[in-house]
1. Taking chymotrypsin sites (Phe, Trp or Tyr not before Pro) that fall in a DSSP loop and have at most 16 other Cβ atoms within 10 Å as cut points, what is the longest piece of the chain between them?
2. What's the tally of Lys pairs in segment 260-371 whose alpha-carbon atoms lie under 24 angstrom apart, where the two lysines are 8 or more places apart or on different chains?
3. No solvent, one uniform scatterer per C-alpha: report log10 I(q)/I(0) for the chain via the Debye equation at q = 0.11, 0.15 1/Å, two decimals.
4. I'd like the isolated cysteines in the chain, meaning no second cysteine's beta-carbon lies under 4.7 angstrom from theirs.
5. Measure off, as a whole percent, the carbon and sulfur share of the 1.4 Å-probe accessible area of the chain, all protein chains present.
6. Given a 1.4 Å probe and the protein chains all in place, what does the accessible area of residue 163 round to, in Å² to the nearest 10?
7. Calculated from DSSP H runs of 4 or more alone, at -39500 (n - 2.57) each and per residue, what is the 222 nm mean residue ellipticity of the chain, nearest 500?
8. For the chain, what is the accessible area per residue in Å², given a 1.4 Å probe and the full set of protein chains?
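The values are calculated or read from the model by the stated rules, or taken from the named source; none is laboratory data. This structure is a prediction, so every number in the text was calculated from the model and none was measured. Here the Cβ positions follow ideal geometry from the backbone for every residue, glycine too, while neighbour counts run over all protein chains shown. Keep in mind that these areas ignore ligands, DNA and RNA; they rest on the heavy atoms of the full protein, side chains included. Shrake-Rupley method; radii C 1.70, N 1.55, O 1.52, S 1.80 Å.
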Amino acid sequence: MAKRDYYEILGASKSSTQDELKKAYRKRALKYHPDRNPGDPQAEESFKECSEAYEVLSNAQRRSQYDQFGHAGESMGAGGGNPFEGSGFGDIFGDVFGEFFGGSGGGGRRSATRGQPGSDLSYNMDLTFEQAAFGYSTELVIPRLENCDRCSGTGAQSSKDIEVCPVCSGSGQQRIQQGFFSVATTCSQCRGTGKHIRRPCTSCHGRGRVNARKKLKVNIPAGIDTGARVKLTGEGEAGIDGGPRGSLYLIINVLEHSIFERDGYDVYCKVPISITQAALGSDLEVPTLGGRAKLHIAPGTQNDSIFRLKNKGIAHLHGHGLGDLYVKIVVEVPSNLTRRQKELLEEFATLSKEDSTPMKKSFMDKLKDFLA
Ligand SMILES: [Zn+2]
Ligand SMILES: [Zn+2]
């Protein structure tokens, strides 16, 4: 499809002044703006078309190229073609719509007078196994930037000491010419605030914020685990020029326990028993998070047997219920036997018929087949 003439798109002519082009563009861009025509691809197309046209014609050099060579002239300049690729587009939009949308919305540049939000902070918090399992309340001391009390965050000794930045005239941005494009960058003089402070506040030296140590009460919910983030909205750093506060994130790390291991809300624990307890059965006392519990094991309990104690695990973080406790039996073979113990075990061995235990019998049968 042939490209339409840029002047035609804007409803202007070759003799139109920059002001007339700007007015023409504004009229069309407002009409076709996507915010006013949601879900209308035709309007979006027209919007892009007139934006592209104005981008080229608003630049004296590119306009003269276009006048001489038509659309072919565009490829001679960097960034020709897609109007959204060139660094100039956002700028042009800001120029035309800055005053329309009060310097906000519509992709205009950010107003320098509005505050910037404070930074988010993160705090690495180690919890013991039990603190994580049962929940934990404590007080933290968080170093963070707070608004300066003396100047209420303005950075100036008094309101009379605040002037408009002479470099950027209060916009907070500077223009730098790069080839055909004018690029907006943050004003180097005022760092984007748009203000010049004649006499800085002596307490914060003009920064408006001071380093402080804030005591914070935090409640960690039961069931939290390593890697969880607890967000404390508004407990980050103070905003600049009245901007909103950042948030504080507690990054949770649960420390290892000497007895318990955790998998989600279930807890695992290894309990060693003797061969006689395993062979004869026993009433064991096993540890749980809430204290001791009784566990009966039947005669002939094997090594690695696992017993589940329902609801003896960790409380679910969101919602109700508890995990389970899994007790794994470790049969410990005695070493360093006394002479008497040895005699008794030898007697036991002669009494026990060779290959009489089920696992061993099954293994010997398989072995016979294998070696046959
Ligand atoms: Zn400035
Ligand atoms: Zn101050």
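1. Values: sites that count: 84, 100, 101.
Excluding the exposed sites themselves, the longest stretch runs over 102-372.
2. So the count of such lysine pairs works out to 16.
3. Once normalised to I(0) and log-transformed, intensities are -0.96, -1.20.
4. 50, 269
5. Values: 11710 of 22940 Å².
Carbon and sulfur together cover 51 percent of it.
6. The value for residue 163 is about 70 Å².
7. Values: 9 runs with 95 residues, N = 372.
Result for the chain, helices only: -7500 deg cm²/dmol.
8. Numbers: 22940 Å² over 372 residues.
With all protein chains present, the chain gives 62 Å² per residue.
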